[in-house]
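Report on the structure given below.
The values are calculated or read from the model by the stated rules, or taken from the named source; none is laboratory data. What you see is a predicted model; the values in this text were computed from it and never measured. Glycine also receives a Cβ, built like all others from the backbone with ideal geometry; neighbour counts cover every protein chain displayed.
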Amino acid sequence: MKILVTGGLGFLGSHICVELLENNDEVVVVDNLFNSKMEVKDKIQEITGKEIKVYIGDCADEILMDKVFLENAIDSVIHCAGLKAVGESVEKPVWYYQTNLGTTLNLLKVMQNHQCKKIIFSSTATVYGVPEKPQVDETFETGKTTNPYATSKYMIERILEDVYVSDKTWSIGILRYFNPIGAHKSGLIGEEPNGIPNNLMPYILKVAKGELPVLSVFGDDYDTPDGTGVRDYIHVVDLAKAHLKAVNKLKEGAGIYKYNLGTGIGYSVLDIIRNFEKVNGIKVNYKIAPRRAGDVAACYSNPAKAEREMGWKAEKNIEDMCKDAWNFAKNK
Ligand code: WQD
């Protein structure tokens with residue numbers, strides 16, 4: 001299969017490319033390098049011993065995307081390109097809507113023009129907003145989102161539903177990621193956002209390396225076991241492998257499928273700090289700070305549907321995630 005991965009040089013995208021190549025798929029990437037680096041292409045090729053074709057540019061660029069589909073017989077698309085920081089989206093909503101919606105709408109238009117009707121969309125657990133119970137399954141209400149990032153992803157889910165209603169020959173996978181962390185065991189690819197990290201693990205890594213002085217723990221007064229935010233952290237390699245299962249699911253036939261991708265286990269911020277310190281033998285300097293706008297207290301998955309319908313289940317534990325994250329970051 002020849003698969004287009006938008007944002008394919010990014011944290012998740014690069015891990016998906018590795019898994020696809022090792023599955024003997026052909027991979028084409030479009031990436032604007034906003035939150036990634038060109039050197040990741042070489043790392044992907046070093047890990048797999050295989051070539052990938054990379055187009056540098058933006059998915060909102062209709063001319064570029066038309067060129068990609070003219071030059072490559074794309075079987076399906078895995079759409080990872082987009083902005084993804086909760087706190088940042090509260091400060092810059094127009095940028096988030098313009099980027100996340102604009103890229104997706106252009107991609108869908110070009111796909112239609114080229115009769116490519118299989119897409120897997122990188123959605124997020126934050127579409128559940130403040131869940132009525134901390135453990136969410138796919139039947140939970142979506143749309144009462146608490147930040148523009150989540151709202152933009154929810155809007156795209158609705159767009160995809162409308163695309164399917166308009167043409168039921170589409171095969172659409174909506175994958176709601178929980179909190180991806182960790183890195184490939186080689187230590188060659190991982191999470192290295194440009195600038196000051198918004199997300200927990202990359203921030204911990206910068207503090208562990210001495211590049212930032214202290215981690216701010218955003219609130220310890222939530223209704224959780226230790227008062228800090230609880231999330232479902234999932235190893236990025238487990239998450240990448242889920243995409244191969246989703247590609248196969250779309251091959252079964254037309255339809256629209258929504259899956260939670262998480263471990264089903266919730267860990268607090270302090271749990272993550274303690275696990276990271278334990279497995280890596282490193283102290284993480286932190287302080288308690290005010291809550292971050294847009295955060296929910298607790299959200300973790302019930303991943304049973306993905307296992308039932310795709311035969312996918314996360315295999316790696318929190319120690320693997322903390323160890324692999326550090327194994328990547330320590331040499332940077
Ligand atoms: C996790 C916890 C923070 C930073 C993420 C991604 C989003 C989506 C969903 C994939 C929260 C706390 C964080 C810090 C902290 N992923 N925290 N200090 O907000 O759950 O959303 O998962 O689609 O793209 O952003 O992840 O890592 O930002 O926060 O205390 O410096 O860590 O309050 O409880 P979040 P996060």
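Tell me yes or no: at least one residue of the stretch 43-65 is within 16 Å of the ligand (Cβ to nearest atom), surrounded by fewer than 19 Cβ atoms within 10 Å (Cβ to Cβ), at negative phi and of a type in the set (A, V, I, L, M, F, W, C).
no
Working only within the stretch 296-311, note down all residues that are within 16 Å of the ligand (Cβ to nearest atom) and not in a loop (DSSP other than H, G, I, E, B). Can you show your working first?
At the first step, the residues of the stretch 296-311 found to be within 16 Å of the ligand (Cβ to nearest atom) are 296-301, 303, 306.
The answer is Ala298, Cys299, Tyr300, Ser301, Ala306.
Among the listed residues Val77, Val5, which satisfies the condition of being out of contact with any His (no Cβ under 9 Å at 6 or more places or on another chain), part of a strand (DSSP E or B) and at pLDDT 95 or above?
Going through Val77, Val5 in turn, the sole match is Val77.
Filtering the stretch 280-295 down to residues that are hydrophobic (A, V, I, L, M, F, W, C) and more than 8 Å from the ligand (Cβ to nearest atom), which residue is farthest from Val90 (Cα to Cα)?
The residue in question is Ile282.
Inside the stretch 217-237, can you point out the residues that are closer than 15 Å to Arg291 by Cα, without any contact (Cβ under 8 Å) to a residue 60 or more places away in the chain and out of contact with any helix residue (DSSP H, G or I) (no Cβ under 7 Å at 6 or more places or on another chain)?
Once the filter is applied, which keeps residues that are closer than 15 Å to Arg291 by Cα, without any contact (Cβ under 8 Å) to a residue 60 or more places away in the chain and out of contact with any helix residue (DSSP H, G or I) (no Cβ under 7 Å at 6 or more places or on another chain), the stretch 217-237 yields only Gly227.
Could you run through the stretch 111-124 and say how many residues are within 16 Å of the ligand (Cβ to nearest atom) and surrounded by fewer than 22 Cβ atoms within 10 Å (Cβ to Cβ)?
Total meeting the criteria: 0.
Would you check if there is a residue in the stretch 215-229 being surrounded by 21 or more Cβ atoms within 10 Å (Cβ to Cβ) and in contact with a Gly (Cβ under 8 Å, 6 or more places away or on another chain)?
Yes, because at least one residue in the stretch 215-229 is surrounded by 21 or more Cβ atoms within 10 Å (Cβ to Cβ) and in contact with a Gly (Cβ under 8 Å, 6 or more places away or on another chain).
Taking only pairs six or more apart or across chains, which ones have beta-carbon atoms under 9 Å, a first residue in the stretch 61-80 that is farther than 25 Å from Leu175 by Cβ, and a second residue that is surrounded by 16 or more Cβ atoms within 10 Å (Cβ to Cβ) and among the β-branched types (Val, Ile, Thr)?
Filtered contacts from the stretch 61-80: Glu62/Val110; Asp66/Val110; Glu71/Val28.
Answer yes if at least one residue in the stretch 125-148 is charged (D, E, K, R), in contact (Cβ under 8 Å) with a residue 60 or more places away in the chain, away from the ligand (no atom under 15 Å from the Cβ) and touching a strand residue (DSSP E or B) at 6+ places or on another chain (Cβ under 7 Å), and no otherwise.
Yes, that holds for at least one residue.
Taking the options Lys144, Lys168, Lys92, name whichever one is out of contact with any Asp or Glu (no Cβ under 8 Å at 6 or more places or on another chain), surrounded by fewer than 17 Cβ atoms within 10 Å (Cβ to Cβ) and closer than 26 Å to Tyr267 by Cβ.
Exactly one of Lys144, Lys168, Lys92 is out of contact with any Asp or Glu (no Cβ under 8 Å at 6 or more places or on another chain), surrounded by fewer than 17 Cβ atoms within 10 Å (Cβ to Cβ) and closer than 26 Å to Tyr267 by Cβ, namely Lys144.
Being near the ligand (Cβ under 10 Å from one of its atoms) and among the charged types (D, E, K, R) is the filter; apply it to the stretch 205-241 and report the residue that is farthest from Ile189 (Cα to Cα).
The selected residue is Asp220.
Can you confirm whether the stretch 258-277 contains a residue that is modelled with pLDDT of 95 or more, surrounded by fewer than 16 Cβ atoms within 10 Å (Cβ to Cβ) and either of a type in the set (Gly, Ala, Ser) or near the ligand (Cβ under 9 Å from one of its atoms) (or both)?
no
Can you run down the residue pairs with Cβ atoms below 7 Å, 6 or more apart or on separate chains, where the first is in the stretch 97-122 and in a helix (DSSP H, G or I) and the partner is buried (at least 17 other Cβ atoms within 10 Å of the Cβ) and aromatic (Phe, Trp, Tyr)?
Close Cβ pairs satisfying both conditions: Val110/Phe69.
I'd like to check something: does the stretch 161-181 contain any residue that is aliphatic (A, V, I, L, M), within 30 Å of Val40 (Cα to Cα), more than 13 Å from the ligand (Cβ to nearest atom) and in a loop (DSSP other than H, G, I, E, B)?
No: zero hits.
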